[in-house]
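Presented below is the structure to which this report refers.
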Amino acid sequence: MNQETQDLSKQQLKSRETKARIFRAARRILQQKGYEELSIKNICEEAGVSNGSFYHHFKTKDDLLSYYIEEQPSIDPDYLDLPANAEEAKQAIIFVYLNYVHYCQELGVAFMSNYYTPKNQSLNPLIRTERPYPIVTVHNYLQKAIDAGIIHFEQDLEAVTTDIRMIVIGNVFEWCLKHGKADFEENMRRSLKTYLDGLF
C-alpha cells in the first residue's frame with residue numbers, strides 16, 4: 001500500500017469518525033432534551049466540531065436525522081430476492097420491519113419518541129433522501145415481485161407503501177406512548193400480516 005493510499009484511508013476514517021460523532025451528539029440531545037433543543041449550534045457544541053465540519057457531512061439537521069437509518073443492521077440481499085410465492089413475499093416484508101423494530105429498540109424509547117415528530121422533515125416521504133429507508137426496500141421488493149407475476153393486487157403500489165409506512169409509524173408511536181412496555185415486535189408482526197393478508 002503506497003503512502004497516498006494510506007493517507008486517503010486515514011482521511012476517510014477520520015471523516016467517518018467525525019460523522020459518527022456528530023450523529024451521537026444529536027442522539028444524546030434528542031434523548032436528553034428533545035427535538036426542540038436539536039439545533040446545529042447545539043449539535044456542534046456537543047460533538048466538539050465546527051459548523052463547517054457539520055455542513056461538510058450533512059446538508060441540514062433533518063439530513064443528519066435521516067442518517068440514523070444507515071446505521072441499521074443490513075439485510076442479506078438474498079433474503080429479498082424474488083419470492084417463490086405470495087406467502088414468502090409477506091414474510092420477507094415483515095422481516096424487514098422486525099429488523100427495524102430491533103434497531104428502534106437499540107436506539108431506545110427516548111430517541112424514537114423525539115425522532116418521530118411532525119417537525120422532523122427527514123420523515124417526510126416527499127423529500128426523502130437516497131438513504132436506504134425500509135419503505136424504499138419494501139417498495140422495490142414489491143415492484144420486483146409484481147413485475148415477475150408472483151403477486152398481484154388492485155391498489156396502486158404507492159398507496160400500498162403509504163399504508164405500510166403508516167402501520168409502521170403507528171406501531172412505533174404505540175411503543176413510545178407506552179414507554180417501551182408495548183409488545184413492539186408482536187404488534188408489528190400482527191398488524192403487517194393482517195394488512196398483507198388482505199392485500200394479496
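With each label modelled as a point 7 angstrom along the Cα→C-beta vector, the ASP63-ALA148 pair spans 3.6 nm.
Ranking of ILE29, ILE40 by solvent-accessible surface, largest first: ILE40, ILE29 (1.4 Å probe, protein heavy atoms only, all chains present). If you line up the long axis of helix 184-199 against the longest principal axis of the chain, both from Cα atoms, how many degrees apart are they, to the nearest 10? Rounded to the nearest ten degrees, it is 40. Once the C-beta distance of GLN32 and LEU98 is scaled by a Förster radius of 30 Å, the resulting FRET efficiency is 0.60 to the nearest 0.05.
As a calculated quantity, the FRET efficiency between LYS41 and MET166 at R0 = 35 Å, using C-beta atoms, amounts to about 0.55. Taking the protein heavy atoms of the chain in the context of the full set of protein chains, the accessible area attributed to carbon and sulfur is 51 percent at 1.4 Å.
Residue ranking by accessible heavy-atom surface, 1.4 Å probe, largest first, among GLU36, GLU17 comes out as GLU36, GLU17. Pop a pseudo-label 7 angstrom from the Cα along the beta-carbon direction at both GLU106 and GLU17 and give the gap in nm to one decimal. Label at GLU106, label at GLU17, 2.1 nm between them. One decimal place: the segment ASN51-THR117 gains 21.3 nm when fully extended, by the rule 0.36 nm per residue minus the C-alpha distance. Taking every protein chain into account, the 1.4 Å probe leaves ARG165 with about 50 Å² of accessible area, to the nearest ten. The string of couplings for the stretch 14-28 from the Karplus curve (6.51, -1.76, 1.60, θ = phi - 60°) is 4, 4, 5, 5, 5, 4, 5, 5, 4, 5, 4, 5, 4, 5, 4 Hz, one whole number per residue in order, with x for Gly and Pro.
Separation of the alpha carbons by more than 18 angstrom is noted, of LYS14/LYS41; LYS14/LYS61; LYS90/LYS193; LYS10/LYS59; LYS19/LYS41; LYS33/LYS119, for LYS14/LYS41; LYS14/LYS61; LYS10/LYS59. Per the Debye calculation on the chain with a single equal scatterer at every Cα and no solvent contribution, log₁₀ I(q)/I(0) for q = 0.09 Å⁻¹ amounts to -0.41.
Computed from backbone phi with θ = phi - 60° and the Karplus coefficients 6.51, -1.76 and 1.60, the 3J(HN,Hα) list for the stretch 30-35 is 4, 5, 8, 10, x, 4 Hz; x is used for glycine and proline. A simple spin-label model places pseudo-atoms 7 Å from Cα toward Cβ; at GLU88 and TYR195 they are separated by 2.4 nm.
Dividing the summed helix terms, -39500 (n - 2.57) for each DSSP H run of n ≥ 4, by the number of residues in the chain produces a 222 nm estimate of -21500 deg cm²/dmol to the nearest 500. Accessible area ranking (1.4 Å probe, heavy atoms, ligands and nucleic acids excluded), largest first, for HIS102, HIS179: HIS179, HIS102.
The values are calculated or read from the model by the stated rules, or taken from the named source; none is laboratory data. Worth saying up front: this structure is predicted, and the values here are computed from it rather than measured. With ideal geometry, Cβ positions are generated from the backbone for all residues, glycine too; neighbour counts draw on all protein chains shown. Accessible surface is based on the protein model in full, side chains and every heavy atom, while ligands, DNA and RNA are left aside. Shrake-Rupley method; radii C 1.70, N 1.55, O 1.52, S 1.80 Å.
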